[in-house]
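Enquirer: Here's a structure for you.
The values are calculated or read from the model by the stated rules, or taken from the named source; none is laboratory data. Not measured: the values here are computed from a predicted model. For neighbour counting, all protein chains shown are included, and Cβ atoms are generated from backbone atoms with ideal geometry for every residue, glycine included.
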Amino acid sequence: MPNLTLTAVRNYLDHVIRFLLFVCIFWLPYSGAVIEVTINVGFLLWCLKRMLLCAERIRINRSFSFSLIVQSFRPPQSVIDWPILLFLIFSFLSAFFTEYRDVAVPSFFRKTLEWFLVYYLVLEVFTKKKHYVTAIGFMFFTATAVALDAYWQVFSGYDLFNRREIGPEGRATASFKYANSLAAYIAPLTAGYFCIILRIKKIFSYKALLLIGFFVFGTALILTQSRIGCVAVGLTLVLQTLIYKNYKVLFAVVIALIMLGVFVNKGIGDGPWAKRLSSDKVQKAMKWRLGIWQDTLKMIKAKPWLGHGLNQYMPASKEYRRKQNIEGTFQPFPPAYAHNCYLQVFAESGVFAGFAFLWIIWGLVRELFGCLIYILDDSVKILISMMSWGIIIYLIHAFFDVHFYSLQLFTHFWFLAALGIGLGANRLVED
């Protein structure tokens, strides 16, 4: 009876954690506070569950040992456990030995650890295919609301949920602070929709409904005027078409998106997209980013091993910023993040943490696309493909922005990663 009771309690805790994760997915674009509360409460419940498991093992074995505690509190195994452990070790060392220790060490526990709490909580409590389908359903439902909110914002000047004003140059932000953040959120799911359209074998009316959803997301992406977001989606659409050999769908989608782009641009010549794509605007943006990357490389060269301190890029970058001539005096360029996630990780945490981070990314991509070879269930293959292409878009986008440092976006990324890895790890029980 005690075993049955403890098992029932642990199952109940799994239900509660799973509910909190669904709430997190649903509210992710709207509230950072909801993300913080659901993930942290979920972690506390996970600790309680593992304490009960540890107590049960001690009672059964009639012994107490360090290895038993480690086994009881070990997170679910996955292919990227070792690179995650190395990344956390070197990130903590970077935080501890920096001059900004008082800020960097708390940041390690409040921010960096939270990346992997999301990942391991999903692997812990999502044990059935229906759990993954439900989570993906919530994700697409909320994203559809965000896309429609972007239309409303462009039409009315403010978004419907947070009353946020439209961004500079008329760029849609919806519930996000920046247009590029909205693009980073919408773009992976746009590629996911396209993946379903290519892979699913259903009647035409069902595919037509999927195409409508795809164009809702695609138009919202266009409204953000994010150049790299649109390029990343375009690249993945071409790659998916070449892999799955469905050229008719790609042709139809490209023609439709060009027509939508012309419509959103209010013609060919003088709309917002024409200005964003002007050679002067593109060259100025690239020159600005190249300058920031040069400053970041100077930071890496100055402190290569443990970096300047976890999440301390902005204060540490002051002495490395280029100078500009303003009315005869040379002054530093305004402060800005690295606009490249990979360079910023190397600058903040050093080369050891940086290469561990790249190992995590490589392990994710290899596992997600590799498991498609041996999985026989077509529906699971489609779901994993959706998550995989979404992650590829994030990784492309990360070369030009710092989305891994946004609470909403890194939570979204690690949800996608955990859903894909969990589906492909053969850990599902029968529904």
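Enquirer: Tell me, which residue of region 362-386 that is surrounded by fewer than 18 Cβ atoms within 10 Å (Cβ to Cβ), modelled with pLDDT of 90 or more and not aromatic (Phe, Trp, Tyr) is farthest from Leu416 (Cα to Cα)?
Expert: Restricting to residues being surrounded by fewer than 18 Cβ atoms within 10 Å (Cβ to Cβ), modelled with pLDDT of 90 or more and not aromatic (Phe, Trp, Tyr), the top hit is Arg366.
Enquirer: With respect to the numbered conditions (1) in contact with a Leu (Cβ under 7 Å, 6 or more places away or on another chain); (2) more than 27 Å from Trp362 (Cα to Cα), which one is the sole condition not fulfilled by Leu93?
Expert: It is condition (2) that Leu93 fails.
Enquirer: Can you find a residue in region 419-427 that is buried (at least 23 other Cβ atoms within 10 Å of the Cβ), of a type in the set (Val, Ile, Thr) and within 24 Å of His131 (Cβ to Cβ)?
Expert: Yes, region 419-427 contains at least one residue that is buried (at least 23 other Cβ atoms within 10 Å of the Cβ), of a type in the set (Val, Ile, Thr) and within 24 Å of His131 (Cβ to Cβ).
Enquirer: OK, next. Would you confirm whether any residue within region 126-135 is part of a helix (DSSP H, G or I), aliphatic (A, V, I, L, M) and either in the same structural domain as Ile421 (by TED's automatic domain parsing) or surrounded by 18 or more Cβ atoms within 10 Å (Cβ to Cβ) (or both)?
Expert: Within region 126-135, one or more residues are part of a helix (DSSP H, G or I), aliphatic (A, V, I, L, M) and either in the same structural domain as Ile421 (by TED's automatic domain parsing) or surrounded by 18 or more Cβ atoms within 10 Å (Cβ to Cβ) (or both).
Enquirer: So if I check each of Ile58, Ile84, Ile89, Ile35, which one is in a helix (DSSP H, G or I), touching a Phe, Trp or Tyr at 6+ places or on another chain (Cβ under 8 Å) and within 30 Å of Lys303 (Cβ to Cβ)?
Expert: Ile84
Enquirer: Any idea which residue in region 139-187 is surrounded by the fewest Cβ atoms within 10 Å (Cβ to Cβ), counting only those that are of a type in the set (D, E, K, R) and at positive phi?
Expert: Arg163
Enquirer: A further question follows. Just checking, how many residues over region 145-193 are assigned to a loop (DSSP other than H, G, I, E, B) and in contact with a Lys or Arg (Cβ under 7 Å, 6 or more places away or on another chain)?
Expert: Residues flagged as assigned to a loop (DSSP other than H, G, I, E, B) and in contact with a Lys or Arg (Cβ under 7 Å, 6 or more places away or on another chain) within region 145-193 amount to 2.
Enquirer: Under 9 Å by Cβ, and 6 or more places apart or on different chains, what pairs join a residue from region 179-193 that is more than 16 Å from Asp159 (Cα to Cα) with one that is crowded, with 24+ Cβ neighbours inside 10 Å and acidic (Asp, Glu)?
Expert: The qualifying pairs are Ala184/Asp401.
Enquirer: Report, by residue number, each residue of region 342-379 that is within 16 Å of the chain's Cα centre (by Cα) and hydrophobic (A, V, I, L, M, F, W, C).
Expert: Val345, Phe357, Leu358, Ile360, Ile361, Trp362, Leu364, Val365, Leu368 - these are the residues of region 342-379 that are within 16 Å of the chain's Cα centre (by Cα) and hydrophobic (A, V, I, L, M, F, W, C).
Rundown of residues vs (1) closer than 13 Å to Thr411 by Cα; (2) in contact (Cβ under 8 Å) with a residue 24 or more places away in the chain, yes/no style:
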residue: Arg18; (1), (2): no, yes
residue: Leu28; (1), (2): yes, yes
residue: Ser31; (1), (2): yes, no
residue: Val34; (1), (2): yes, no
residue: Gly42; (1), (2): no, yes
residue: Leu48; (1), (2): no, yes
residue: Leu53; (1), (2): no, yes
residue: Ile58; (1), (2): no, no
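Enquirer: Please find, among Leu290, Leu235, Leu221, Leu210, the residue that is surrounded by fewer than 18 Cβ atoms within 10 Å (Cβ to Cβ), of a type in the set (A, V, I, L, M), more than 19 Å from His339 (Cα to Cα) and at pLDDT 85 or above.
Expert: Leu235
Enquirer: Give the residue that is surrounded by the most Cβ atoms within 10 Å (Cβ to Cβ), with candidates limited to residues of region 70-109 that are within 17 Å of Gln312 (Cβ to Cβ) and charged (D, E, K, R).
Expert: Applying the filter and picking the extreme gives Arg101.
Enquirer: Can we say Ile373 is free of Cβ contacts under 8 Å to residues at least 12 places away in the same chain, outside the structural domain of Leu189 (by TED's automatic domain parsing), not in a loop (DSSP other than H, G, I, E, B) and not polar (S, T, N, Q)?
Expert: Yes: the conditions hold for Ile373.
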